[in-house]
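The values are calculated or read from the model by the stated rules, or taken from the named source; none is laboratory data. Since this is a predicted model, take the numbers as computed values, not measurements. Positions of Cβ are generated from backbone atoms using ideal geometry, with glycine treated the same way; all protein chains shown enter the neighbour counts. We work out accessible area using only protein heavy atoms, side chains counted, and drop any ligands, DNA or RNA first. Shrake-Rupley method; radii C 1.70, N 1.55, O 1.52, S 1.80 Å.
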Amino acid sequence: MVVCQSSSSMSQSSGDKSDAKSSASEDLDKYTKVIENELSGELEWIESALFQLSRGFLTEIQAAEMYEKLLKRLDTLDENGMKVLESLDAVDIMNSENADKISSIEIERIRVRRKSLVDRCNQILRQGDYFKDDIQKILKK
């Protein structure tokens, strides 16, 4: 899992307006890729594995082992999702280097984009929780 560096720890080489805009935007671009490629991809893999397990081709012992492995992957997904949420929270739109160079429209655009990424990440984590609940119910039978 790749966790991106926040904009507050990145240095800007020049002080023009395009650099000021791009720092937070570039961070959000990185987090978009992490969410869609890694978190969403892992969730899709888990969903596919659950579908395959539901087809009943494995013995009970093999299925139980696979369910346990899926629970571990879901725990890892939760952990990585929380790291991404923390990193998104750390993206500093108004750091001292660029506060006076970014327009209010650009600031609002970045805030909306960050909120949509947080919402998407929370959606993935919620779906993972549903899968966990389903697996735990199956294992208790």
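Within segment 51-68, is there a residue that is in a helix (DSSP H, G or I), closer than 14 Å to Val118 by Cβ and open to solvent by 90 Å² or more (accessible area, probe 1.4 Å)?
no
Which numbered condition in (1) modelled with pLDDT of 85 or more; (2) open to solvent by 70 Å² or more (accessible area, probe 1.4 Å); (3) in a helix (DSSP H, G or I) is the only one that Ser8 fails?
Of the numbered conditions (1) modelled with pLDDT of 85 or more; (2) open to solvent by 70 Å² or more (accessible area, probe 1.4 Å); (3) in a helix (DSSP H, G or I), the odd one out for Ser8 is (1).
In segment 100-124, what residues are within 30 Å of Leu71 (Cα to Cα) and free of Cβ contacts under 8 Å to residues at least 60 places away in the same chain?
Answer for segment 100-124, where residues must be within 30 Å of Leu71 (Cα to Cα) and free of Cβ contacts under 8 Å to residues at least 60 places away in the same chain: Lys115, Ser116, Val118, Asp119, Asn122, Gln123.
Looking at segment 46-71, I want the residues that are among the basic types (Lys, Arg) and have a partner that is modelled with pLDDT of 90 or more with Cβ atoms under 9 Å, at least 6 apart or on another chain. Which pairs are those?
Cβ pairs passing all conditions: Lys69/Ala49.
Identify all residues within segment 125-138 that are farther than 30 Å from Lys30 by Cβ and open to solvent by 60 Å² or more (accessible area, probe 1.4 Å); write none if there are none.
Asp133, Asp134, Gln136, Lys137, Ile138
Using the structure shown, decide if Asp92 is touching a residue at least 40 places away in the same chain (Cβ under 8 Å) and closer than 30 Å to Leu139 by Cα.
So Asp92 fails the test.
Given the residues Asn122, Asn80, which is the only one that is modelled with pLDDT of 90 or more and either surrounded by fewer than 16 Cβ atoms within 10 Å (Cβ to Cβ) or of a type in the set (Phe, Trp, Tyr) (or both)?
None of the other options fit; the residue is Asn122.
Kindly indicate whether Asp89 is over 17 Å from Asp134 (Cβ atoms), open to solvent by 20 Å² or more (accessible area, probe 1.4 Å) and part of a helix (DSSP H, G or I).
yes
Among the residues of segment 125-141 satisfying the criterion of being in contact with a helix residue (DSSP H, G or I) (Cβ under 9 Å, 6 or more places away or on another chain) and among the acidic types (Asp, Glu), which is modelled with the highest pLDDT?
Asp129
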